[in-house]
Amino acid sequence: MLASSAWADHHGRGNAKGGRFAKAGTNADGAISREEWRSGEESFQRHDRDGDRRLSRDELFDKSR
């Protein structure tokens, strides 16, 4: 299981339209769903601050947490 910082490093920090983050989601909707997330449920829930079952770039790369 990859920790968030390792996941972020692995998938890059490109912009939402063309970076590796956009390519990490299989349906290119600009977010990572639980089904697309390769780590565990606990890790996903820790990042999904708004509870919408999708990880935005802001949620994933928030350095204040």
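The figures follow:
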quantity: Cβ pairs under 6 Å, 6+ apart, first in region 37-62 and among the hydroxyl-bearing types (Ser, Thr, Tyr), second surrounded by 13 or more Cβ atoms within 10 Å (Cβ to Cβ); calculated: Ser39/Leu2; Ser56/Ala31
quantity: Unmet criterion (only one of (1) modelled with pLDDT of 90 or more; (2) in a loop (DSSP other than H, G, I, E, B); (3) within 11 Å of the chain's Cα centre (by Cα)) for Phe44; calculated: (2)
quantity: Residue in region 7-28 that is touching a helix residue (DSSP H, G or I) at 6+ places or on another chain (Cβ under 9 Å), modelled with pLDDT of 65 or more, more than 12 Å from Phe61 (Cα to Cα) and not in a helix (DSSP H, G or I) present; calculated: yes
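The values are calculated or read from the model by the stated rules, or taken from the named source; none is laboratory data. For clarity, every value in this text was computed on a predicted model and none was experimentally measured. As a convention, Cβ positions derive from the backbone with ideal geometry for all residues, glycine included, and neighbour counts pool all protein chains shown.
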